[in-house]
Every structure is written in structure tokens, then in C-alpha cells.
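Have a look at the structure below before the remarks.
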Amino acid sequence: MKKFNDKKEFESALKLFNECEKSNNEMMSGAAGKSGCIEKEINIFESLIQPDTIGYTSMINSYSLNGMGFEVIELFNCMPSKLILEETYVCVLNACSHSRLVQQATNIFYNIINKTEQIYTTMVCLFNKHLLFSFHKFIF
């Protein structure tokens, strides 16, 4: 067992340990959802003291992979806006597509301030998948 020379060294090691534990929980969270263990995923997510972008987006993706589109939208609406990145929008829009929540995806899309090429591409795929592309041409 390592002995620490001073309090600062101990606090630094403790901080590193906590960061590693948080990252490990977030990685486990994504793995659980991808394997179909959504209850385990939810428990891991709820155990996070203050989920960050990775935690939220991982949970959103897991709901999506398990066909839980309404849960995706509910979690997305609870997510602090400062944590929402392009990847988050793409995950949410894809979840809406998989769950046939076209109107909800359209509403989310209209509220995105900085639309990227990836976000536009995701919406084109959604409209194409649901044979609505010609109906929504006006958004571009």
C-alpha cells in the first residue's frame, strides 16, 4: 500500500480515483444498455451524483437501443442545456426515428440553435425512413 507524503498528494490521488470511478460508472452504464440490461443501466445512471454529457448521452443511447423513445425524450428534456452537444442531438433524433416519433424529432430539430451537417443528415435519414422527405423540404 502506498504511503502519501502529505495531504496534497493524498487529495490529488483521491481526486484521480474519483474521476476514474466516475468514468468507469459511465462506461459501465453504456455497456449495460447495449447488452439489453436496461434496469442495470438505469441503476448505474441514477447512482451518478452529477451526470455529465457522457452519462446523459449514454443513457439516452441505451434507451434508444431498447426501443424506449418516450423515455429518451423525457430524459433529454431534463438534461441541463449546457451539457447538450451535437452527439446528444444525434442520439435523441435517432431514438425518435427508431421509435417513430417523427413529430417529436421535428420539434427538437426546430429548437436546435446551431444545426450541424450531422444533425441535418440525421433528420434527412429520419424523414427518408418514414417517407416524409418531400413533406419536410422546407426545413432546409
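The values are calculated or read from the model by the stated rules, or taken from the named source; none is laboratory data. Note that the structure is a prediction, hence the values are computed from the model and not measured. So basically every Cβ, Gly included, is an ideal-geometry build from the backbone, and we count neighbours across all protein chains shown.
Here are the numbers:
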| read-out | value |
| --- | --- |
| Top-ranked residue in the stretch 35-50 [being in a loop (DSSP other than H, G, I, E, B) and aliphatic (A, V, I, L, M); ranked as surrounded by the most Cβ atoms within 10 Å (Cβ to Cβ)] | 48 |
| One residue from 102, 92 being buried (at least 19 other Cβ atoms within 10 Å of the Cβ) and either under 12 Å from residue 56 (Cβ atoms) or at pLDDT below 95 (or both) | 92 |
| Flag for residue 57 being under 19 Å from residue 109 (Cβ atoms) and at pLDDT below 95 | yes |
| In the stretch 82-98, the residues that are in a helix (DSSP H, G or I), within 12 Å of the chain's Cα centre (by Cα) and not charged (D, E, K, R) | 83, 88, 89, 90, 91, 92, 93, 94, 95 |
| Enumeration of residues in the stretch 59-117 that are in contact (Cβ under 8 Å) with a residue 12 or more places away in the chain, under 20 Å from residue 46 (Cβ atoms) and of a type in the set (S, T, N, Q) | 61, 62, 64, 66, 88 |
| Test for residue 97: is it modelled with pLDDT under 95 and surrounded by 19 or more Cβ atoms within 10 Å (Cβ to Cβ) | yes |
| Residue in the stretch 4-13 that is modelled with pLDDT of 90 or more and over 26 Å from residue 131 (Cβ atoms) present | no |
| Selection within the stretch 51-89 - surrounded by fewer than 21 Cβ atoms within 10 Å (Cβ to Cβ) and among the hydroxyl-bearing types (Ser, Thr, Tyr) | 53, 81, 88 |
| Counted residues, the stretch 106-125 - those being surrounded by 15 or more Cβ atoms within 10 Å (Cβ to Cβ) and more than 16 Å from residue 87 (Cβ to Cβ) | 1 |
| Selected residue (criterion: modelled with the highest pLDDT) from residues of the stretch 60-74 that are hydrophobic (A, V, I, L, M, F, W, C) and under 9 Å from the mean Cα position of the chain (by Cα) | 72 |
